[in-house]
Amino acid sequence: MNAISATMPRATTKKPDIARVVECTVLLSFLIPIGFVIEKIVTYEQVGVTSTHTQGDYILMLTSCLLGLLVAHLPLLLAKVLKMEIPPGMRVMYSGFLFCAIFLGEVMSFYYRVAHWDDILHLSSGIMIGLFGSMLVTNLCKTKVRINLPPVAVAVFCFCFAICVGAVWEIFEFSMDALLGLNMQKTMLQSGEELQGHLAVVDTMKDIIVDTCGSLIASIAVFFSFKRHKEFRKPMKNTKNQTFEAGEREGEYAA
């Protein structure tokens, strides 16, 4: 009996993909409110103003949920295009950020209800994008021709990369407000009153400053991480026993 059981293949238990479960849950949080928001937009003029939300707020909710359904697949798309593996922890962090920004922030109005909610999200996004920049460098370091980059250069790249993404996002918010009449840049109060003068740009400038702080935190962490893991800075031979050192002239190779 023992011999028979020893020859029989053992059933392998597959570990649950926690990152995938989180991603599906976040997708549902974007999908479920869509019908409710559409109903509010259609019947807004008929029922009159019966809530603290304006019709523009509901349009912003709908736009955010639809956008969330698209950008939720961004990690998988980047993994295929860049031929790199996105760690489960980064996927969970990204999905959690989308949930906090779209469902809690827009649908549940946390931007108005919770103090500094927008600042917390921009700080975390700066850190997350900076860390993703380090992943891009790490993926480059694992290629057959390894580029020898000092930790300072990697940290500067991560800082600039995160700042650039933050600037592009602010441009996107401005464009959506101008084209669709939304309030992504929070130039209007929840009551619909438009801010004037210096107050109208406070939210945008504060977002840029907080993004910079988050990017700085990520770049400092990346600097010490790459300084500790020296294997990322060692040149690796390719199939032709050649290496490429950053800063060398083209054509100069070390055997």
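The values are calculated or read from the model by the stated rules, or taken from the named source; none is laboratory data. Owing to the predicted nature of the structure, the values given are computational and were not obtained by experimental measurement. FYI the Cβ positions are ideal-geometry reconstructions off the backbone, even for glycines, and counts take in every protein chain you see.
Given the residues Leu131, Leu136, Leu123, which is the only one that is over 30 Å from Gln190 (Cβ atoms) and either surrounded by 18 or more Cβ atoms within 10 Å (Cβ to Cβ) or modelled with pLDDT of 95 or more (or both)?
Answer to the selection: Leu131.
Is it the case, given these coordinates, that Val107 is in contact with a helix residue (DSSP H, G or I) (Cβ under 8 Å, 6 or more places away or on another chain), crowded, with 18+ Cβ neighbours inside 10 Å and either of a type in the set (Val, Ile, Thr) or outside the structural domain of Val222 (by TED's automatic domain parsing) (or both)?
In short, yes.
So which residues in the stretch 197-213 are over 30 Å from Val156 (Cα atoms) and touching a Ser or Thr at 6+ places or on another chain (Cβ under 9 Å), if there are any at all?
Within the stretch 197-213, Leu199, Ala200 meet the criteria.
Would you point out which residue out of Ala178, Ala115 is in a loop (DSSP other than H, G, I, E, B), surrounded by fewer than 19 Cβ atoms within 10 Å (Cβ to Cβ) and modelled with pLDDT under 95?
Ala115
Being touching a residue at least 60 places away in the same chain (Cβ under 8 Å), of a type in the set (A, V, I, L, M) and either farther than 22 Å from Phe226 by Cα or not assigned by TED's automatic domain parsing to the domain that holds Gly96 (or both): is that true of Leu136 here?
Judged against the criteria, Leu136 is not a match.
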